[in-house]
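What follows is a short report on a single structure.
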Amino acid sequence: MVLDTEVYSNTGGQSSKSSQAASIAKFAAGGKPTAKKDLGQIAMAYGHVYVASISMGANRMHTIKALKEAEAYDGPSVILAYSPCIEHGIKGGLANHQVQQKKAVESGYWTLYRYNPLNTEKPLTIDSKEPDFSKFREFVMNETRFNQLPFVNADQAEFLLQKSEEDAKKRYTRLVKLAA
């Protein structure tokens, strides 16, 4: 189980390979310029690992189903759980993390899926609805790690925010192609 906070939480919120492009964190004060590492697709490439991407606030039943399947799978399993943390700076605080998780999925920031290599007919199932990427900017701007970017790096803010959205679209498109 990977609780994906998208930062090195144990070191005070430093940027990591799991951090989204455009996000502000320690050692990426002007916004991270590179895309987030896609651990799920890396694990799927092995061909024998069960992989699921969950977000409890977006869909509790999907979360339970994925955890049960991972437990029952006869082999290695990886569950990627979107886990907002204090370093995200969610408006209204962490009391709103479940709502923010739902918005992450609706906007295309995070995708719910299950990959079971034993299912030879359709190993990858995308469980979230097609995202509404027009909500992407609204979602990210609800967090300090993104909404402060125009103030700390006005010259690059728009470029980095657009890059973050394009990265999310590319991740989703790759998943759709793999699921086809």
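Every number here is computed from the coordinates shown, using simple stated rules; none is lab data. Not measured: the values here are computed from a predicted model. Note that each Cβ is placed from the backbone with ideal geometry, even for glycine, and that neighbours are counted across all protein chains shown.
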R0 of 35 Å, Cβ-Cβ distance LYS129-ASP74: FRET efficiency to nearest 0.05: 0.70
Overall Cα dimensions of segment 64-153 - principal axes, largest extent first, Å: 49, 25, 23
Sorted peptide list for 134-147, 63-76, criterion being average Cβ within 10 angstrom, highest first: 134-147, 63-76
Per-residue ³J(HN,Hα) for segment 89-101, Karplus 6.51 cos²θ - 1.76 cosθ + 1.60, θ = phi - 60°, Hz, x for Gly and Pro: x, 5, 4, x, x, 5, 4, 9, 5, 5, 5, 5, 5
